[in-house]
Structures are given as structure tokens and as C-alpha cells.
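This report refers to the structure that appears directly beneath it.
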Amino acid sequence: MDTLFHALVGAFIGECAPKSIKNRRIKGALASMSPDLLNIPCYLYLGFKTDSTLWYPKPEAFYENPWILDHWTWAGWNLSHSLFFWALIILPLVWRLKWTPLLGIAYLSHILLDLPSHSGIWSVQPLWPYNWLLHGWFDAWAWNLQEILMYSTLPAFCWLLMYQLRTREWILWPSEREPSALK
Ligand SMILES: [Zn+2]
């Protein structure tokens, strides 16, 4: 999916998390966006090679230059979108540094959402370094601004709905209820 969609899903996950977690929505949004950080070298390199404005290539530049898939900068994207990386690096890091599990969950949401939204040769390799492409159905990463804004209303609505529901007693975590309500 696109970055805005990931951020809103992360904020939604943060909204679902216990209120005792400080800045839980921001933490959810940042963790959900973070797998694409390793994509920056690849964007800059392709942007440089294709003379793109500010070295930021448009989706067409990727379609016209499929050789980028074999360039080392693309490996960063494969690495950060691998379930092995999540299980062997991210989860132990979250556990070791005593960070909130929210970060690990939000990170995983990014990988899971990217599976259906990258198709053909641009598909995710969830078991990377094993070269097994899990073919998605559409290419959300190539959406234009209008599509990004249109589809982002879905997670935004879910977030807003959860925000409203969290004010009700029955959808709160036990630790968030009044002591009297636990009796
Ligand atoms: Zn991604």
C-alpha cells in the first residue's frame, strides 16, 4: 500500500492498543511506515539514474527500468518486507529493548498489507532471502495522489470509528476500566 494508508492503519492499531501506551497512535503510525525506510536508497538511486525531480522517481520510472530489481539497493526493500526479518530482527529487538508489542504488530501490518498490493515482478517476497514471489492483485505503490487520498479514507474511517467506540465501556481493555467495573 502507499505510505499514507500504512500510517493510518498504524494509527488505527494504536487506537486499539491500551491507552496506557504513551503516544500509541504515533508509535503505531511510525512503526507501520518504517519497513519502507529501507526503500529510500533505491528510490534515490533510480531517481538519480532517470534524472527525476529531486531524485524521486515516478512509478513509470520503475516500470521502464525493471533492472532496478536486480540492483543491490532493492535488496533493502526485500529485507524489510521479509517475515524472517520481522521474526528474527524486529520482534527480538522489541522484546530486548522492552518496547511495546504495538510496534511489532504495526510493523507486521505493513508486510501483510503489501502482500496483495504489489503484483507481478513487483510482488513481495515474504520469505526473502528465498526467491518466492507472492503475487498480489494490484499495485497500490503506483497509485497517483487522487487514488492515495481516495483509498486512505478507508483506514481513516476505521480509525475514527474505533476512536468513537473506545469511549464505550465494553470495548476497553480491562486495565482501562474503573476499578468498580471489574468487580
Ligand atoms: Zn512496503
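Read the figures in this text as sums done on the coordinates, not as results from a lab. Keep in mind the model is a prediction, meaning the values are calculated, not measured. Cβ placement follows ideal geometry from the backbone for every residue including glycine, while neighbour counts extend to all protein chains displayed.
Structure notes:
- Phi angles of segment 78-93 translate, via the Karplus equation with coefficients 6.51, -1.76, 1.60 and θ = phi - 60°, into HN-Hα couplings of 4, 4, 6, 9, 9, 5, 5, 4, 4, 6, 9, 10, 5, 4, x, 5 Hz per residue; Gly and Pro are given as x.
- Cross-link reach is defined here as a Cα-Cα straight distance under 19 Å, omitting same-chain residues fewer than 8 places apart; for Lys49 the aspartates and glutamates meeting it are Glu60, Glu64, Asp70.
- Sites Leu127 and Lys98, calculated FRET efficiency, Cβ-Cβ separation with R0 30 Å, nearest 0.05: 0.55
- Each label point was placed 7 Å from the Cα along the Cα-to-Cβ direction; for Gln164 and Tyr63 their separation is 3.8 nm.
- Shape parameters for segment 119-169, alpha-carbon atoms, Rg then Dmax in Å: 16.6, 47
- FRET efficiency, 1/(1 + (r/R0)^6) with R0 22 Å, evaluated for Lys49 and Asn144 via beta carbons: 0.50
- Annotation for segment 47-124: trypsin sites (Lys or Arg not before Pro) lying in DSSP loop with at most 13 further Cβ atoms inside 10 Å of their Cβ are Lys98.
- Take the Cα of Ala75, go 7 Å toward its beta carbon, and the backbone nitrogen atoms of segment 41-63 under 14 Å from that spot belong to 42.
- Remark: relative contact order (the chain) = 27 percent; criterion is Cα-Cα distance under 8 angstrom and separation of 6 or more residues.
- Considering only Cα atoms, the convex hull volume of segment 3-182 works out to 133 Å³ per residue.
- By the helix-only formula, in which each DSSP H run with n ≥ 4 contributes -39500 (n - 2.57) and the sum is divided by residues, the chain has a 222 nm mean residue ellipticity of -15500 deg cm²/dmol.
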